[in-house]
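**Student:** I have a structure I would like to understand better, so I am pasting it below and will then ask my questions one at a time.
The values are calculated or read from the model by the stated rules, or taken from the named source; none is laboratory data. On a predicted model such as this, the values are computed, not experimentally measured, just so you know. Positions of Cβ are generated from backbone atoms using ideal geometry, with glycine treated the same way; all protein chains shown enter the neighbour counts. Ligands, DNA and RNA are excluded from the accessible area calculation, which covers all protein heavy atoms including side chains. Shrake-Rupley method; radii C 1.70, N 1.55, O 1.52, S 1.80 Å.
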Amino acid sequence: MSNAVFGEKKAGVTYKNRYGVYAVIPDESLTKIILVQAPNGAWFLPGGEIEEGENHLIALERELLEELGFTAQIGDYYGQADEYFYSSHRDTYFYNPAYIYQVTSYHQVGLPLEDFNHIAWFPIEEAIAQLKRGSHKWGIEQWKNQVKTVKD
């Protein structure tokens, strides 16, 4: 279990903590990954902020319903990837520990509860290239390493 760090923690800057949980969700053929595009155009792994009183799994289940309309079987925990970034949209510096999980299966139970995101499946390398956050790219790399190990 590793802990990766992305972005630069700037001295003298106050960071707002934003704890997030995210999922790597492959299609059945393990050749595509689903991503969510926020209204600002940036692509992310499905998931989001952990709300007060939630643990990782409860937060992830809620986020997957909100963003994708999915229920999911959560698999392995890949680890924590810390990200430091500035949001021009919110004019805030964030410290965003991202807890990344594998989804082993999913079921579409309805339409996403949030209707402002765009959802798309991408071939794995294209998904990595599309992602805005290094922590999310790292999550797909962890998944790729696991799938390769299982196939070998």
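**Student:** Could you list which residues have their amide H under 5 Å from that of Arg133, counting only those 5 or more apart in sequence or on another chain, with H placed in the peptide plane?
**Tutor:** Residues meeting the amide H criterion: none.
**Student:** If the cut-off is a Cα-Cα distance under 20 Å, which lysines reach Lys16, setting aside same-chain residues fewer than 8 apart in sequence?
**Tutor:** Answer for Lys16, where 20 Å is the Cα cut-off: Lys132, listed by chain and number.
**Student:** Compare Ile25, Ile119, Ile50 by solvent-accessible area with a 1.4 Å probe and give them largest first, with all protein chains kept in place.
**Tutor:** So the residues, ranked largest to smallest area, are Ile119, Ile50, Ile25.
**Student:** Follow-up question, since we're still on this one. Grab the DSSP H runs of the chain that are 4 residues or longer, score each as -39,500 (n - 2.57), total them, divide by all residues and round the 222 nm result to the nearest 500 deg cm²/dmol.
**Tutor:** Counting only the DSSP helices, I get -8000 deg cm²/dmol.
**Student:** Could you tell me how many degrees, from 0 to 90 and to the nearest 10, lie between the Cα long axis of helix 134-151 and the main elongation axis, the longest principal axis, of the Cα atoms of the chain?
**Tutor:** 30
**Student:** Same structure, new question: Step through the residues of the stretch 108-121 one at a time and calculate ³J(HN,Hα) from phi using the Karplus curve (6.51 cos²θ - 1.76 cosθ + 1.60, θ = phi - 60°), rounding each to whole Hz and writing x for Gly and Pro.
**Tutor:** Running phi through 6.51 cos²θ - 1.76 cosθ + 1.60 with θ = phi - 60° gives 6, 9, x, 6, x, 6, 9, 9, 9, 9, 10, 10, 8, 9 Hz.
**Student:** Test of the criteria: in the stretch 1-106, which GluC sites (Glu not before Pro) are in a DSSP loop and have at most 15 other Cβ atoms within 10 angstrom of their Cβ?
**Tutor:** Within the stretch 1-106, the qualifying GluC sites (Glu not before Pro) (loop, at most 15 other Cβ atoms within 10 Å) are Glu8, Glu28, Glu51, Glu52.
**Student:** Okay, next question. Near the amide H of Glu54, under 5 Å away, which other amide H atoms are found, from residues 5 or more places off or on another chain, if H is placed in the peptide plane?
**Tutor:** Here nothing satisfies the definition.
**Student:** Taking the Cα centre of the chain as origin, sum charge times position over the Cβ atoms of Lys and Arg (+1) and Asp and Glu (-1), and report the length of that vector in debye to the nearest 20.
**Tutor:** Here the chain has a charge dipole of around 500 debye.
**Student:** A further question on this structure: Convert 25 °C to kelvin, take the viscosity as 0.890 mPa s, use the Kirkwood radius over C-alpha pairs of the stretch 64-152 as Rh, and evaluate the Stokes-Einstein diffusion coefficient in µm²/s, rounded to a whole number.
**Tutor:** In µm²/s, the coefficient is 165.
**Student:** Let's test the formula: R0 of 22 Å, r as the Cβ-Cβ distance of Thr92 and Lys148. What FRET efficiency results, to the nearest 0.05?
**Tutor:** Computed FRET efficiency for Thr92 and Lys148: 0.05.
**Student:** To continue, here is another question. Figure the gain on full extension for His118 and Asn3 (residue separation times 0.36 nm, minus the Cα-Cα span) and round it to one decimal in nm.
**Tutor:** Extra length from His118 to Asn3 when fully extended: 38.5 nm.
**Student:** Now a separate question. Would you pull out the residues with amide H under 5 Å of Asp82's amide H, same chain only if 5 or more places away, H placed 1.01 Å from N?
**Tutor:** Ala4, Val5, Phe6, Ala98
**Student:** Between the stretch 90-113 and the stretch 123-138, what is the C-alpha centre distance in whole Å?
**Tutor:** 14
**Student:** Follow-up question, since we're still on this one. Jot down the per residue volume, in cubic angstrom and as a whole number, of the convex hull over the alpha-carbon atoms of the stretch 112-152.
**Tutor:** With only Cα atoms used, the stretch 112-152 gives 102 Å³ per residue.
**Student:** Can I ask one more? Rg and Dmax of the chain, Cα atoms, in Å?
**Tutor:** Gyration radius and largest Cα-Cα distance of the chain: 15.0, 47 Å.
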